[in-house]
Amino acid sequence: MNILILGSGGREHALAWAVMQNPKCDKLIVAPGNGGIALIADCAKIDIEDGATVANFVSENAIDFVIIGPEAPLAAGVADRLREAGILVFGPSEAAAELEASKSFTKEICDAAKAPTAAYGHFNDPQAAKAYIREQGAPIVVKADGLAAGKGVIVAMDEQTALDAIDDMFGGAFGGAGAEVVIEEFMEGEEASFFILCDGKSALPIGTAQDHKRVGEGDTGLNTGGMGAYSPAPVLSDEIAQKALDEIIQPTIDEMARRGTPYQGVLYAGLMIKDGQPRLVEYNVRFGDPECQVLMMRLGAQALDLLQAAAEERLAEARVNWADDHAITVVMAANGYPGSYEKGSVIKGLDTLPEDSMNMVFHAGTTEKDGAMTATGGRVLNVTARGASLQEARDRAYAMVEAIDWPGGFYRRDIGWRAL
Ligand code: AMP
Ligand code: GLY
């Protein structure tokens, strides 16, 4: 089977690594890929947000299966263009990707599906939004309706912060994404992520994870794309996961099918858990990054079979072969991230590290230049390990981090602290 993966992050490196473990894979191309992916697969520079370009590339390269990593090509309808051309693809349609692209759409689906989530109001007028905030009081959560690169959510602990957020959003701070807002009840509890494969009808859970969004140790400082993650998430017990499946996930899949926009791909549910009850915070229509790295480390070669079963609407007969293991990933980021950071610093020591089913360094933002691996992104490396316990996995991951010689980068020393 010839496979094409779209994307260029640590998530796509982890997907590529898992796909390559499966003997079914004859050829793998990643577009556009990165310096680490280029060590294990061919990389191709094409415009991955243009469906026609991707469809042409697929036929020219005799690709049998396309796996879409990031949300941008999904929101741009690339999966639709490929399906129209008769190409097997993993990833939701543009209409189904609304579950991530529009917060108000997701709230509407939750209403129809009777899925537990925060109470909310949806506004396209700043005065009405402010009146609602004054009526509800703080703490309260203000969200730009559209895609805002993970920055469109303000958790306001006081009323003034919420009112200011309305001015910012309607003032154009998030471009078109802020022309409509969702205002939500503040939910207390512990957050965890639940990953479920969907084929339009059936749901197959493939793991739980927790990430560390803040840049600083002790979960302090600015928000980032994620500084580390581990799987499984202890707070998402089998019982709570089943509850989430029965009350939130399956009703969402059923409602999407009922509307004629069935959901195929991975559903990444952000859940808030309190007193044994999960409530939906948000959906993403793709794997989390860096959560995907720990999931792939645990699933290994079977990941390809499972993604293919989702794309071929065969999930009802698919099974996950679980190992009773743990995985962790530590993000190494360029000094200055998530603010402005330097590009082009050289990373040494990578070739001394083990690369096997227990230890992998996934690259998120690297390019090979004149024989040296150089940093080109904010989040640069995802040092990932698996073990019989979280502690064992963590010790192994940090031993690898310490063997990497990169003065241009930094990392958090406390990934997994909550679970340990
Ligand atoms: P979202 O992009 O919707 O996941 O929001 C980003 C983060 O804001 C979430 O991961 C939560 O930590 C927080 N958040 C969002 N909505 C709520 C809510 N209703 N109550 C409490 N925290 C929230
Ligand atoms: N790590 C969070 C995300 O991928 O959205």
Checklist entry - Does the stretch 195-240 hold any residues that are within 16 Å of ligand 2 (Cβ to nearest atom), out of contact with any strand residue (DSSP E or B) (no Cβ under 6 Å at 6 or more places or on another chain) and of a type in the set (S, T, N, Q), and which are they? => result N223
Checklist outcome for this item: By residue number, the members of the stretch 291-316 that are within 21 Å of E71 (Cβ to Cβ) and either assigned to a loop (DSSP other than H, G, I, E, B) or within 12 Å of ligand 2 (Cβ to nearest atom) (or both) are E291, C292, Q293, V294, L295
Checklist entry - Are any of the residues in the stretch 279-291 away from ligand 1 (no atom under 16 Å from the Cβ) and either over 24 Å from C198 (Cα atoms) or out of contact with any Lys or Arg (no Cβ under 7 Å at 6 or more places or on another chain) (or both)? => result no
Checklist entry - If you take the residues of the stretch 265-278 that are out of contact with any Lys or Arg (no Cβ under 9 Å at 6 or more places or on another chain) and farther than 16 Å from Q210 by Cβ, which of them is farthest from ligand 2 (Cβ to nearest atom)? => result D275
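Can you pull out every residue in the stretch 142-179 that is in a helix (DSSP H, G or I), within 20 Å of K107 (Cβ to Cβ) and over 24 Å from the mean Cα position of the chain (by Cα)?
Once the filter is applied, which keeps residues that are in a helix (DSSP H, G or I), within 20 Å of K107 (Cβ to Cβ) and over 24 Å from the mean Cα position of the chain (by Cα), the stretch 142-179 yields A162, A165, I166, M169, F170.
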Checklist entry - Got a number for residues in the stretch 327-367 being loosely packed, with under 14 Cβ neighbours inside 10 Å and touching a Ser or Thr at 6+ places or on another chain (Cβ under 8 Å)? => result 1
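Do we have E313 as within 23 Å of Q242 (Cα to Cα) and either touching a residue at least 12 places away in the same chain (Cβ under 8 Å) or in contact with a Cys (Cβ under 7 Å, 6 or more places away or on another chain) (or both) here?
yes
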Checklist entry - For the stretch 246-253, does any single residue satisfy the condition of being more than 16 Å from ligand 1 (Cβ to nearest atom), within 19 Å of A75 (Cα to Cα), at pLDDT 95 or above and not polar (S, T, N, Q)? => result yes
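Only one residue in G86, G91 is surrounded by 21 or more Cβ atoms within 10 Å (Cβ to Cβ) and not hydrophobic (A, V, I, L, M, F, W, C), so which one is that?
Just a single option satisfies the conditions, and that option is G91.
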Next on the checklist: For the stretch 30-54, give me each residue that is hydrophobic (A, V, I, L, M, F, W, C) and buried (at least 21 other Cβ atoms within 10 Å of the Cβ).
Outcome noted: V30, A31, I37, A41, I48, V54
Next on the checklist: Restricting to the stretch 175-217, count the residues that are touching a Ser or Thr at 6+ places or on another chain (Cβ under 9 Å) and over 28 Å from Q277 (Cβ atoms).
Outcome noted: 2
Checklist entry - Would it be correct to say that G276 is away from ligand 1 (no atom under 16 Å from the Cβ), among the small types (G, A, S) and within 29 Å of A16 (Cα to Cα)? => result no
Next on the checklist: Between R258, R214, R319, which is surrounded by fewer than 23 Cβ atoms within 10 Å (Cβ to Cβ) and within 15 Å of ligand 1 (Cβ to nearest atom)?
Outcome noted: R214
Next on the checklist: When the residues of the stretch 261-274 are narrowed to those that are out of contact with any Gly (no Cβ under 8 Å at 6 or more places or on another chain) and in a strand (DSSP E or B), which ends up surrounded by the most Cβ atoms within 10 Å (Cβ to Cβ)?
Outcome noted: L271
Next on the checklist: Condition first: over 20 Å from the mean Cα position of the chain (by Cα), closer than 29 Å to V330 by Cβ and not in a helix (DSSP H, G or I). Can you find one or more residues in the stretch 275-290 that meet it?
Outcome noted: no
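The values are calculated or read from the model by the stated rules, or taken from the named source; none is laboratory data. All values reported here derive from a predicted model rather than from experimental measurement. Positions of Cβ are backbone-derived with ideal geometry, glycine not excepted, and every protein chain shown enters the neighbour counts.
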